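Comments concern the structure below.
All of the numbers you see were taken from the coordinates with simple rules; none came from a lab. Predicted model only: the values in this text are computed from it and were never measured. Please note: Cβ atoms are built from the backbone with ideal geometry, for glycine as well, and neighbour counts cover all protein chains shown.
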Amino acid sequence: MNQKKNKPSRIAMMIFNWYCHPDFREEIEGDLLERFNIYSLKYGYTKANRLFIKEVISLFRPSIVGNIYHLTNTGTMEITNQNKRLITILATALAILLIPLIAMIFTNDVSWKIFDFLVAGVLLIGTGLTLEFILRKIKTLRYRILLGILLFVLLFLIWVELAVGVFGTPFAGS
């Protein structure tokens, strides 16, 4: 019985050994067991085991998962952040498109057709993807800011022209 108290959950260890890359396993496992022993002395076996399971689960990330050698380099965090930014851009475009959709439920003053949503979606997503391209390819902060401002001014001018026809083009919404 005492032997069990010195060891963390077998299931958590099996899960850890299953997903952890073999090159990292020994070091990470040693750190996990060391922390488990510290927690065990400080909090007791039950809480130490819960904290151990939580740490094993929190370690599940692409940079330590086995058999994915191209993700074990140091650039992994940058790729993850870029993908989060891309998802944020797409979610923002969707959220902006939900505004007129919800407004159409409550008032008759907003009457968008499917084509309006399609054009606005292409415009917003295209602007977002262009912004993502600028952020990934342009390294100088000054040029990033200038191109970003230019992009948003262009978005605003196109949006206003489509909405109310400030410039009087055939694409005007009036």
Cross-link reach list, aspartates and glutamates versus Lys47, counting only Cα pairs under 18 Å and skipping chain neighbours closer than eight places: Asp31, Glu34, Glu55
Cβ-Cβ FRET estimate between Thr169 and Ile145, R0 fixed at 41 Å, reported to 0.05: 0.90
Label point distance in nm, Glu161-Leu101, each placed 7 Å from Cα along Cα→Cβ: 2.7 nm
Cut-off under 5 Å, modelled amide H: who pairs with Cys20 long-range: Gly66
